[in-house]
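Here the structure is laid out as structure tokens; the discussion comes afterwards.
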Amino acid sequence: MDNLNLISNFAEFKELKNIDKSTMIGVLEDVFRHALEKQYGTDHNFDVIINPEKGDLEIWRNRTVVEDGAVVDKNAEIAVSEVKLIDPTYEVGDEYSDEIKMASFGRRAVLSLRQNLASRILDLEKANLYEKYSQKVGEIITGEVYQVWKREVLILDDDENELILPKAEQIPNDFYRKGDSIKAIVKSVEMNNNQPRIILSRTANQFLERLFEQEVPEIYDGLITIKKIARIPGERAKVAVESYDDRIDPVGACVGMKGSRIYTVVKELRNENIDVVNYTTNTQLMIQRSLNPAKISSITIDEETKTATVYLKPDQVSLAIGKGGLNIRLSKLLTGYDIDVYREVEEEDVALTEFSDEIEKWIIDALKAAGCDTAKSVLELPIEEVARRGDLELEQAQQVVDILKAEFE
């Protein structure tokens with residue numbers, strides 16, 4: 001087993017793991033010097049020469065030529081009569097260099113050297129991987145699905161490094177098969193039992209932000225800034241944007257011609273509905289924009305408790321709340337205010353609370369929670385719908401309706 005064979009094998013390993021030449025040379029030299037120290041007691045009088053282009057290595061031992069019988073350390077000195085058999089031009093005091101072949105180490109020492117070298121390169125690769133992805137936290141990467149498990153998906157990047165996409169970081173509508181291409185953001189990098197664990201995410205707000213950067217040049221160039229994102233992954237998101245150039249419409253730029261830009265983002269997020277709104281420091285106006293598409297009649301804001309009371313026309317209440325309450329939940333996240341929505345009471349209408357002496361409080365509360373806070377808002381509904389919203393029997397719902405009708409007769 002010669003030097004060339006040993007180095008060429010690890011040259012291939014180096015290429016596979018993408019370790020730069022200078023680092024690889026440093027590791028090789030350090031490992032071989034350790035082996036020399038173990039074999040000869042010192043490595044001070046040895047030269048380790050590595051040729052990165054050819055992938056070979058030479059080890060030369062330097063010894064001082066001394067008088068016959070004066071050799072004290074065979075590793076550092078050589079008798080003049082011995083060296084003259086090799087080259088008669090040598091004299092006492094000269095330095096003689098001879099090459100150390102790998103075979104002289106012995107089979108066990110070579111095996112140990114191989115294992116040590118493999119271990120060092122593996123540790124180096126782990127450190128490089130940790131460093132590489134620590135610098136990529138917050139960036140989008142594209143990988144290939146390698147394995148799908150119940151709680152996570154194993155993904156390989158272009159260098160076949162293993163990345164993890166946990167179930168909690170997947171969009172609810174995500175479905176993957178082996179070989180699928182996937183986009184995600186690098187959420188965090190951890191060291192687990194000396195092994196880098198790279199966690200990806202598709203539910204992080206930053207993932208949506210980076211997708212917009214890819215599709216909207218004005219955001220990438222800094223002309224438009226994403227000020228805040230409120231998101232329920234896979235369902236709906238609201239994005240507040242601001243332009244530093246009055247000539248640029250930030251909402252229009254993000255949506256694109258006929259929705260071309262935002263369509264790509266929506267498609268990547270499994271048809272997540274995305275609302276883009278103009279950011280403003282005017283709290284009242286920001287709340288109004290966040291509740292879009294509902295048209296607000298009036299707003300009362302309490303800055304101390306961070307609450308906002310919003311009044312709307314009857315036909316706008318359901319729009320403000322949204323399907324499953326999504327619209328108002330996202331508005332609260334986007335503005336940072338606790339928003340209470342109320343139906344604007346018309347002069348001829350009567351608030352349900354006025355009937356507390358005739359209708360039980362829990363029924364009134366249930367109807368109000370379902371968007372019916374006035375008598376007419378209840379009377380406009382079919383009796384079956386009143387029963388459903390108030391969680392009532394049909395007979396109970398009819399009694400409530402009769403009480404309310406009496407008010408207007």
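The values are calculated or read from the model by the stated rules, or taken from the named source; none is laboratory data. In this text the structure is predicted, and so the values were computed from the model without any measurement. For neighbour counting, all protein chains shown are included, and Cβ atoms are generated from backbone atoms with ideal geometry for every residue, glycine included. Surface areas here come from the heavy atoms of the whole protein model, side chains and all, with no ligands, DNA or RNA. Shrake-Rupley method; radii C 1.70, N 1.55, O 1.52, S 1.80 Å.
Summary table below
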| read-out | value |
| --- | --- |
| Residue 303 vs. criteria modelled with pLDDT under 95, within 35 Å of the chain's Cα centre (by Cα), open to solvent by less than 60 Å² (accessible area, probe 1.4 Å) and not hydroxyl-bearing (Ser, Thr, Tyr) | no |
| Condition met for residue 109 (surrounded by 13 or more Cβ atoms within 10 Å (Cβ to Cβ), within 30 Å of residue 198 (Cβ to Cβ), at pLDDT below 90 and of a type in the set (Gly, Ala, Ser)) | no |
| Region 121-141 residues that are on the phi > 0 side of the Ramachandran plot, paired with ones that are of a type outside the set (Gly, Ala, Ser) and open to solvent by less than 50 Å² (accessible area, probe 1.4 Å) (beta carbon under 9 Å, 6 or more apart) | 138/185; 138/186 |
| Residues of region 208-261 that turn out to be over 25 Å from the mean Cα position of the chain (by Cα) and assigned to a loop (DSSP other than H, G, I, E, B), as a count | 7 |
| Single match in 92, 153 (criterion: over 30 Å from residue 50 (Cβ atoms), among the β-branched types (Val, Ile, Thr), out of contact with any Lys or Arg (no Cβ under 6 Å at 6 or more places or on another chain) and not in a strand (DSSP E or B)) | 92 |
| Long-range neighbours under 9 Å by Cβ, at least six apart or interchain, first residue under 21 Å from residue 174 (Cα atoms) within region 210-239, second open to solvent by 50 Å² or more (accessible area, probe 1.4 Å) and in a strand (DSSP E or B) | 211/183; 235/273; 236/273; 237/273; 238/228 |
| Residue within region 252-264 that is farther than 18 Å from residue 286 by Cβ and touching a Gly at 6+ places or on another chain (Cβ under 8 Å) present | yes |
| Enumerated strands (runs of 3 or more DSSP E) restricted to region 1-80, each holding at least 1 residues that are modelled with pLDDT under 80 and open to solvent by less than 60 Å² (accessible area, probe 1.4 Å) | 46-51, 56-66 |
| Selection count where residues are in a strand (DSSP E or B), open to solvent by 30 Å² or more (accessible area, probe 1.4 Å) and aliphatic (A, V, I, L, M), scope region 156-189 | 1 |
| Positions within region 187-217 being out of contact with any Phe, Trp or Tyr (no Cβ under 8 Å at 6 or more places or on another chain) and of a type in the set (Asp, Glu), in sequence order | 190, 209, 215 |
